[in-house]
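Visitor: Just passing along the structure, written as structure tokens.
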Amino acid sequence: MASPDTGSQLIAQSLYSLGVKVIFGIVGIPVIEVAEACIALGIKFVSFRNEQAASYAASAYGFLTGRPGVCLVVGGPGVLHAMAGVGNSTVNATFPLLLLAGSSETTAGPTKGAFQQLDAVSLLAPHTKLAVRPPSLEQLPESIREAYRTAFWGRPGVGFVDLPADFIQGTPREKITISPVHPQPRVSGSPAQIRALADALRGAKKPLIIIGKGCAYARSENILHKFIEATNIPFLPTPQGKGVLSDNHPLNIATARSAALKNTDVAVLLGARLNWILHFGETPKWSSTVRIAQVDISPEELGRGSTDPALSVTGDITEVVTQLHSALSGWRYSDASWHGLLSASSAKNVAAADKKAAIVKNPLGYHRSFTLLREHLEKLAGGSPDDIVYVSEGANTMDISRSIFSVTKPRQRLDAGTYATMGVGLGYAIAAEIAYNHTRETRTSTRKRVVAIEGDSAFGFSLPEIETMSRYRLPIIVVVVNNGGVYRGTSDNSPAWGTEVWDADKEGRRSAQLLPSTALSFETGYDVVAEGLGGRGWKVRTEEELERAVKEAWAYGQGPSVINLIIESGSESKLEFNWLGKKESKL
Ligand code: ADP
């Protein structure tokens, strides 16, 4: 590679030598030169409409590829918008992100009021694993490499490098050697910890393995498959742990989730935390006497909340499961009553779900339309979901779709995640399309179709990214589940904001807010917006229209397809999200 003439070329070469294949971001002064230098080296630059979506996309790319996704933004407001992705990456603990942002010249004093001036390092330091402004132009490569390495070694998180304009535009004074990053060393569990956990499993009456998205990130699928087959222990995937082992595996007891959590006496969390998603490991969802073991790369995580530190293991999941597999070699769980209890609960729940899916409604309801959508998609994909990547966000949309859409391969389901972040869907879908089909960094042999199932409110956060999908001709299918509101919607005859009503008590007319805070416009034409942004759109009200739209969207390979699925607005009336409710959720 030729010696760099400018700081921007030096930055591009640093990223290239780290193996970076794609950058997500938005350019402006002073980072345009950086993006152009990267493109000149063959690195793809995916230009977004909002830094939020770009930062979400980059972090999802990190989850999908196992190396930090890179996001490039301008300083000041660009950094503030990208903070959404920083927070989302940190909280998800499996979405490594390298954020690079332009900034004002190093010669500008702190109160100068320079263009988009912001002390981004001070702002981001508490929210990242490493936030640096290189002390000189010549130290750009080392700062970038360290921020990149730190983002994915240990517990994944965020590395940040501030790129001053004078460094970007300056000339290196000496020849600089750029050193690569080695793969992260894999940490094994201590033999004593492994023995304790193996003994606990041997002694368990109702053991349960919980497969979290840490397993997906750690690429533990092969050893986990062997372990589960050998030990015969039932397993429960978390929402993004779905697919690490197929939803069709006979030991997958996702359809008996409540019964499994409530009755297990020894549960092992593999790459999952006892947060709201798992009801904190507390009663009434769990038994008060359960022992919960945890395997995690982060030692600080172990022993938090209801986990039992004596049974927990620090280490990489692939390594620890390999150790556990050999510690339990020759042992097989064989109490049929636990399997029987779970099968009975599963059969009951599946029958209840089938009943809901059979209810024909006009306008369409969630359960039936999702079931039909799944059937059409799987048929078009050759009879299985193996080559479909699902992205899902929204409240009811995400909650209900999670159990209806099967996932059979690892890292093929992305959702609002640990932070329940709305607005991630379109960025995630773009990241998945690029990772699977364009840079092929995920190393699968077949082409994947990315399908984003979006609540109408969640979709609105990142709606302009449909134009991004069109510009790069990404054939992503977006289904907007349109009930005209947050959680539940309004019907077309809702009175508008500020309607005058007669108030007898106050003896006169007053202006009232009759529109609930959850309301969005009724039947918004997202399909028409999609056409305007360069994609294709369908408005769907009936089962026949749904089938036709899915077929046509599948066949359209030139850009995004938006299916505006109009569903009943008011009857899914619960405002209580299943995960948070005290009641037992069925699936
Ligand atoms: P879920 O949302 O699926 O419940 P969480 O985000 O709560 O999962 O937990 C994921 C956990 O995985 C985090 O605590 C993180 O530290 C852990 N983790 C990430 N990578 C690895 C790895 N290679 N080995 C072990 N644990 C990991």
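Visitor: Applying the selection to the stretch 410-425, what residues are within 16 Å of the ligand (Cβ to nearest atom) and not aliphatic (A, V, I, L, M)?
Guide: Scanning the stretch 410-425 gives Pro410, Arg411, Gln412, Arg413, Asp415, Gly417, Thr418, Tyr419, Thr421.
Visitor: Can you find a residue that is of a type in the set (Gly, Ala, Ser) and on the phi > 0 side of the Ramachandran plot anywhere in the stretch 45-58?
Guide: Taking every residue of the stretch 45-58 in turn, none turns out to be of a type in the set (Gly, Ala, Ser) and on the phi > 0 side of the Ramachandran plot.
Visitor: Please specify each residue of the stretch 224-240 satisfying the condition of being within 11 Å of the ligand (Cβ to nearest atom) and part of a strand (DSSP E or B).
Guide: Passing the criteria: Leu236, Pro237.
Visitor: Right, here's the next one. Assigned to a loop (DSSP other than H, G, I, E, B), hydrophobic (A, V, I, L, M, F, W, C), more than 21 Å from the chain's Cα centre (by Cα) and modelled with pLDDT of 95 or more, is that true of Trp331?
Guide: Taking the combined requirement at face value, the residue satisfies it.
Visitor: Scan the stretch 364-389 for residues that are assigned to a helix (DSSP H, G or I) and either among the polar types (S, T, N, Q) or open to solvent by 20 Å² or more (accessible area, probe 1.4 Å) (or both) and jot them down.
Guide: Those that are assigned to a helix (DSSP H, G or I) and either among the polar types (S, T, N, Q) or open to solvent by 20 Å² or more (accessible area, probe 1.4 Å) (or both): His367, Arg368, Ser369, Thr371, Leu372, Arg374, Glu375, His376, Glu378, Lys379, Leu380.
Visitor: Select from the stretch 263-307 the residues that are surrounded by 18 or more Cβ atoms within 10 Å (Cβ to Cβ) and among the basic types (Lys, Arg) and write down the one among them that is nearest to the ligand (Cβ to nearest atom).
Guide: Among them, the one singled out is Arg273.
Visitor: Moving on. Determine, yes or no, whether Thr106 is open to solvent by 50 Å² or more (accessible area, probe 1.4 Å) and of a type in the set (S, T, N, Q).
Guide: Taking the combined requirement at face value, the residue satisfies it.
Visitor: Another question, if that's okay. Pro172 versus (1) more than 33 Å from the chain's Cα centre (by Cα); (2) farther than 20 Å from Leu269 by Cβ; (3) surrounded by fewer than 17 Cβ atoms within 10 Å (Cβ to Cβ): which is the lone unmet condition?
Guide: In the conditions (1) more than 33 Å from the chain's Cα centre (by Cα); (2) farther than 20 Å from Leu269 by Cβ; (3) surrounded by fewer than 17 Cβ atoms within 10 Å (Cβ to Cβ), Pro172 misses (3) alone.
Visitor: Restricting attention to the stretch 308-326, which residues are in a loop (DSSP other than H, G, I, E, B) and more than 13 Å from the ligand (Cβ to nearest atom)?
Guide: Asp308
Visitor: Going through the stretch 111-152 one residue at a time, which ones are among the charged types (D, E, K, R) and at pLDDT 95 or above?
Guide: Scanning the stretch 111-152 gives Asp119, Lys129, Arg133, Glu138, Glu142, Arg145, Glu146, Arg149.
Visitor: Can you tell me which condition Val187 does not meet? The list is (1) among the aliphatic types (A, V, I, L, M); (2) within 16 Å of the ligand (Cβ to nearest atom); (3) open to solvent by less than 20 Å² (accessible area, probe 1.4 Å), and all the others hold.
Guide: If we test Val187 against (1) among the aliphatic types (A, V, I, L, M); (2) within 16 Å of the ligand (Cβ to nearest atom); (3) open to solvent by less than 20 Å² (accessible area, probe 1.4 Å), just (3) comes out false.
Visitor: Quick test for you: out of Leu100, Leu118, Leu80, pick the one residue that is of a type outside the set (D, E, K, R), crowded, with 22+ Cβ neighbours inside 10 Å and over 22 Å from Asp316 (Cα atoms).
Guide: Just a single option satisfies the conditions, and that option is Leu100.
Visitor: I've got another one for you. Could you list all residues from the stretch 192-204 that are open to solvent by 20 Å² or more (accessible area, probe 1.4 Å) and away from the ligand (no atom under 16 Å from the Cβ)?
Guide: Correct list: Ala192, Arg195, Ala196, Asp199, Arg202, Gly203.
Visitor: Could you list all residues from the stretch 205-223 that are away from the ligand (no atom under 12 Å from the Cβ) and buried (at least 21 other Cβ atoms within 10 Å of the Cβ)?
Guide: Lys206, Pro207, Leu208, Ile209
Visitor: If you don't mind, another one. Taking Thr255, is it away from the ligand (no atom under 11 Å from the Cβ), in a helix (DSSP H, G or I) and assigned by TED's automatic domain parsing to the domain that holds His339?
Guide: So Thr255 passes the test.
Visitor: For residues in the stretch 421-471 being at positive phi and open to solvent by 30 Å² or more (accessible area, probe 1.4 Å), which is modelled with the lowest pLDDT?
Guide: Per the stated criteria, the residue is Arg443.
Visitor: For the stretch 87-130, how many residues are among the aliphatic types (A, V, I, L, M), outside any loop (DSSP other than H, G, I, E, B) and either within 16 Å of the ligand (Cβ to nearest atom) or not assigned by TED's automatic domain parsing to the domain that holds Gly69 (or both)?
Guide: 2
To keep it simple, each residue is scored yes or no on (1) at pLDDT 60 or above; (2) surrounded by 13 or more Cβ atoms within 10 Å (Cβ to Cβ); (3) touching a helix residue (DSSP H, G or I) at 6+ places or on another chain (Cβ under 8 Å).
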site	(1), (2), (3)
Asn482	yes, yes, yes
Asp503	yes, no, no
Leu515	yes, yes, no
Phe522	yes, yes, no
Gly535	yes, yes, yes
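The values are calculated or read from the model by the stated rules, or taken from the named source; none is laboratory data. Since we're looking at a predicted model, the values are computed, not measured. Virtual Cβ from ideal backbone geometry, glycine too; neighbours counted across all protein chains shown. What goes into the accessible areas is simple: the full protein's heavy atoms, side chains included, and nothing from ligands, DNA or RNA. Shrake-Rupley method; radii C 1.70, N 1.55, O 1.52, S 1.80 Å.
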